Amino acid sequence: MKFIADFHIHSKYSRAVSPMMNLVNLDKWAAIKGIKVMGTGDFTHPKWLAEIKKELRPAELGLFKLNKSNSETRFILTSEISCIYKKNGKVRKIHVIVLAPSIAAVEKVNCALGKIGNLHSDGRPILGLDAKELVKIILEIDKNCLIIPAHAWTPWFSVFGSKSGFDSLEECFEEYAKYIYAIETGLCSDPAMNWRLSQLDKITLISNSDAHSLQKIGREANVFDTELSYKGIAEAIKRPNGYPDKNKFLYTIEFFPEEGKYYYDGHRTCGVSLEPKKSKHYKNICPKCGKPLVIGVLNRIESLADRPEGFVLKNAIPFKSLVPLNEIIAEAIGVSVSSKKVSNYYNNLIKKLGSEFKILLEATEKEIRDESLAKIAQKVIKMREGKVSIKPGYDGVYGKIKIG
């Protein structure tokens, strides 16, 4: 079965997350976006887990659906965990995503982690625990759980981050690195950037939204054609034969990475944004204030890459770079994304043509034009063709994209 999945989102119990992020709304917006399998997010939070158990019921093996509803959306049990600890003389801040096959496994994981840190304080709990030990604890509870480093290149909280990460998965996870089957590339990198590191050749590259609000769901996602079950998804990610099965894991849906807020190096306070060569010229120091630059994803990949820019990995899972539909509409009609006009065009297109992904990936120019405006249809087609220009993001500032 072909379907789109977004595993990494947050609930209303995480910090800086919309209070509208509840299961009913997630179910509704998954259909609007065209997502079949949605991560629950935050299963470590006791109150959120109680809502999961109350509002969802079992569907296909390892998946769940909303009670008292005929919705086609399926939920998969997921959570993000923040590990902050000292290793090899440096403070490490590593975020990981956990996928679990059952409520029973989640309850055991929560019991174990609740003895280490406060699971009530945040939907994404902070644990003073080595990421390697986290993998050990979870796999001893249920070997079918998946542990995936989150937004792997983000400077502050990731396995390869410039501020607190490592130079390899082996350095981070040691003997448990063999159980790390995938990494999440994050908004600021795409698969092509990751192909430049031979150490990642056997690692599956997945993409998720890390959404903190309903509208952000699906800004990155994964497209599968496999059995609709936890096992089917896990096997597509784990590559049991060693190579990606492109008949089961079809492609990932990506941001244009330059639009991510840590693509370039920079210093937000001073408005300084630099490509890696210029950062090197300034010795990674802000030329305005003399403080250290925040080293972005592009620079970090450059420092670890053993292949040239433009290298294409043989047999790699492909990807498609998209711009969210509301951003396309806003640019086409010359208003802000929050404008009521954007909402009206967006809702009408969804009503007439189907989900956002159907519009972005499949609808013809004529179909879009007939239900909106010619300039909106033209922007969608140009976006598919990669005809975009982007002022790259840096130090927490999103990049600015223009289509055509």
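One residue is enough: does the range 233-252 have a residue meeting the conditions touching a residue at least 40 places away in the same chain (Cβ under 8 Å), in contact with a strand residue (DSSP E or B) (Cβ under 8 Å, 6 or more places away or on another chain), not assigned by TED's automatic domain parsing to the domain that holds Ile147 and not in a helix (DSSP H, G or I)?
No, the range 233-252 contains no residue that is touching a residue at least 40 places away in the same chain (Cβ under 8 Å), in contact with a strand residue (DSSP E or B) (Cβ under 8 Å, 6 or more places away or on another chain), not assigned by TED's automatic domain parsing to the domain that holds Ile147 and not in a helix (DSSP H, G or I).
Could you check how many residues of the range 1-29 are in a strand (DSSP E or B) and either under 17 Å from Glu80 (Cβ atoms) or acidic (Asp, Glu) (or both)?
We begin by selecting, within the range 1-29, every residue in a strand (DSSP E or B); these are 2-6, 9.
In the following step, the residues that additionally are either under 17 Å from Glu80 (Cβ atoms) or acidic (Asp, Glu) (or both) were identified as 5-6, 9.
Qualifying residue count, the range 1-29: 3.
For residues that are β-branched (Val, Ile, Thr) and crowded, with 18+ Cβ neighbours inside 10 Å, scanning just the range 358-380, find the one that is nearest to Phe256 (Cα to Cα). Full working, then the answer.
Of all residues in the range 358-380, those β-branched (Val, Ile, Thr) come to 359, 364, 368, 376, 380.
Right, trim to crowded, with 18+ Cβ neighbours inside 10 Å and you get 359, 368, 376, 380.
Numbers: Ile359: 18, Ile368: 22, Ile376: 19, Val380: 14 Å.
Here the residue is Val380.
What residue, among those in the range 203-223 that are assigned to a loop (DSSP other than H, G, I, E, B) and touching a helix residue (DSSP H, G or I) at 6+ places or on another chain (Cβ under 7 Å), is farthest from Lys358 (Cα to Cα)?
Looking at the filtered set, the residue picked out is Ser209.
If we scan the range 297-304, do we find a residue that is part of a loop (DSSP other than H, G, I, E, B) and either in contact (Cβ under 8 Å) with a residue 12 or more places away in the chain or not polar (S, T, N, Q) (or both)?
Going residue by residue through the range 297-304, those that are part of a loop (DSSP other than H, G, I, E, B) are none.
Scanning the range 297-304, I find no residue that is part of a loop (DSSP other than H, G, I, E, B) and either in contact (Cβ under 8 Å) with a residue 12 or more places away in the chain or not polar (S, T, N, Q) (or both), so the answer is no.
Test Ser189 against the stated conditions and say whether it is over 30 Å from Pro324 (Cα atoms), touching a residue at least 60 places away in the same chain (Cβ under 8 Å), in a loop (DSSP other than H, G, I, E, B) and of a type outside the set (D, E, K, R).
no
Go through the residues of the range 275-293 one by one and say whether even a single one is of a type in the set (Val, Ile, Thr), in contact with a strand residue (DSSP E or B) (Cβ under 7 Å, 6 or more places away or on another chain) and within 30 Å of Lys202 (Cβ to Cβ).
Scanning the range 275-293, I find no residue that is of a type in the set (Val, Ile, Thr), in contact with a strand residue (DSSP E or B) (Cβ under 7 Å, 6 or more places away or on another chain) and within 30 Å of Lys202 (Cβ to Cβ), so the answer is no.
Pick out the one residue from Val380, Val388 that is of a type in the set (A, V, I, L, M, F, W, C) and touching a Lys or Arg at 6+ places or on another chain (Cβ under 9 Å).
Of Val380, Val388, the one residue that is of a type in the set (A, V, I, L, M, F, W, C) and touching a Lys or Arg at 6+ places or on another chain (Cβ under 9 Å) is Val388.
Let me confirm something: among Ile81, Ile52, which residue is β-branched (Val, Ile, Thr), in contact with a strand residue (DSSP E or B) (Cβ under 9 Å, 6 or more places away or on another chain), surrounded by fewer than 22 Cβ atoms within 10 Å (Cβ to Cβ) and outside any loop (DSSP other than H, G, I, E, B)?
On inspection, the qualifying residue turns out to be Ile52.
Quick test of your reading of the structure: Ile317 fulfils all but one of (1) part of a loop (DSSP other than H, G, I, E, B); (2) touching a residue at least 60 places away in the same chain (Cβ under 8 Å); (3) surrounded by fewer than 18 Cβ atoms within 10 Å (Cβ to Cβ). Name the failing condition by number.
The number of the failed condition is (3).
Looking at the range 337-357, is at least one residue touching a Pro at 6+ places or on another chain (Cβ under 8 Å), surrounded by 17 or more Cβ atoms within 10 Å (Cβ to Cβ) and touching a residue at least 60 places away in the same chain (Cβ under 8 Å)?
Yes, the range 337-357 contains a residue that is touching a Pro at 6+ places or on another chain (Cβ under 8 Å), surrounded by 17 or more Cβ atoms within 10 Å (Cβ to Cβ) and touching a residue at least 60 places away in the same chain (Cβ under 8 Å).
The values are calculated or read from the model by the stated rules, or taken from the named source; none is laboratory data. Just so it is clear, the model here is predicted, and its values are computed rather than measured. Quick reminder, even Gly has a Cβ in these numbers, built from the backbone with ideal geometry, and neighbours come from all protein chains shown.
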